[in-house]
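Quick notes on the structure that follows.
The values are calculated or read from the model by the stated rules, or taken from the named source; none is laboratory data. None of the values given here were measured: they were computed from a predicted structure. Cβ atoms come from the backbone with ideal geometry, glycine included; neighbour counts cover every protein chain shown.
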Amino acid sequence: MKKIIWLVGMLSIVLLAGCSNNSSNGSKESTTKTTKTESATAYQKLSGSEKTDIKFKVIKGEENSNNAYSLSMKIKNNGTKDVKFDKSKFFLMVDGAKKFSTSLDGNVTLKVGKSVTIDDLFKNVSAEKLDGNKVKIAYLNKNNVVASPKLKTSSDESDNATSNTDNAAATSQNATTDQNSDSSAAATPAQPDTSNRVVDSTEKAVNIFRGATGNFGVGDIQATDTGSGYSVSVDGSPAGSVSYDGTITASNGVTTRAQWENSTGYSMSD
């Protein structure tokens, strides 16, 4: 009888020890799971410098029949911490105002050095909303802007084509105008500058030559402006020249302006 009681007691001790070990192991496993679950840091809790290590790229899908697009997001973790996101917290802003919320939900965890693509984060975003450079995607609130994509749509390409056509037409018109201007300039010779000439007319050249070389009648002497001075003829025959500065060259020698003015009392400036 004593042996039976002793055996029952020993069995009870063994059973109690086994339950205790199982409880301890269960507690350790629970602690380990909790630690693993809580090891990823929520994006909004990262510091400013840590956020710069998380890279976001917006991927625009093909245009659909409603002239709208879907937008996906590729995220890469270049930091030192695992990061988690709540997909439902992403939203799209245009000109600083919230325009689209995502229809996705659930969490996504991004391990260090890994990347993930969230497909169709936004659906049926109209081309009108995507036009321009004021589209931003934020997370949780407006202070957490994660991407400022420059997205081109079919309307952008159409506008660029129209602009290029207009520019080409304007260039062609300018070229035609320049050609017309060149033609006009060629048809109308530039007038010579006579402001620095002492002898500035054929009449004055005739009077100077007549007084310097003899008492010819006014009608006997003719002067022609050659562009470098005046060529003088008497009764149709070459007789000499008068330069713009008043130097007279005649068949009987050279008479300067000063000599001629002194001898005749006539001033060329009159």
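Considering region 82-103, and only residues there that are in a loop (DSSP other than H, G, I, E, B) and modelled with pLDDT under 95, the residue that is surrounded by the most Cβ atoms within 10 Å (Cβ to Cβ) turns out to be Thr102.
Filtering Lys114, Lys45 for residues that are at pLDDT 95 or above, surrounded by 10 or more Cβ atoms within 10 Å (Cβ to Cβ) and not aromatic (Phe, Trp, Tyr) leaves a single hit, Lys114. When Glu63, Glu128 are screened for being of a type in the set (Asp, Glu) and either on the phi > 0 side of the Ramachandran plot or in contact with a Phe, Trp or Tyr (Cβ under 9 Å, 6 or more places away or on another chain) (or both), only Glu63 passes. Taking the numbered list (1) assigned by TED's automatic domain parsing to the domain that holds Asn67; (2) part of a loop (DSSP other than H, G, I, E, B); (3) modelled with pLDDT under 90 in turn, Pro192 passes all entries but (1). Residues considered: Asn107, Asn78. Of these, the only one that is touching an Asp or Glu at 6+ places or on another chain (Cβ under 9 Å), surrounded by 10 or more Cβ atoms within 10 Å (Cβ to Cβ) and either within 30 Å of Lys129 (Cα to Cα) or modelled with pLDDT under 95 (or both) is Asn107.
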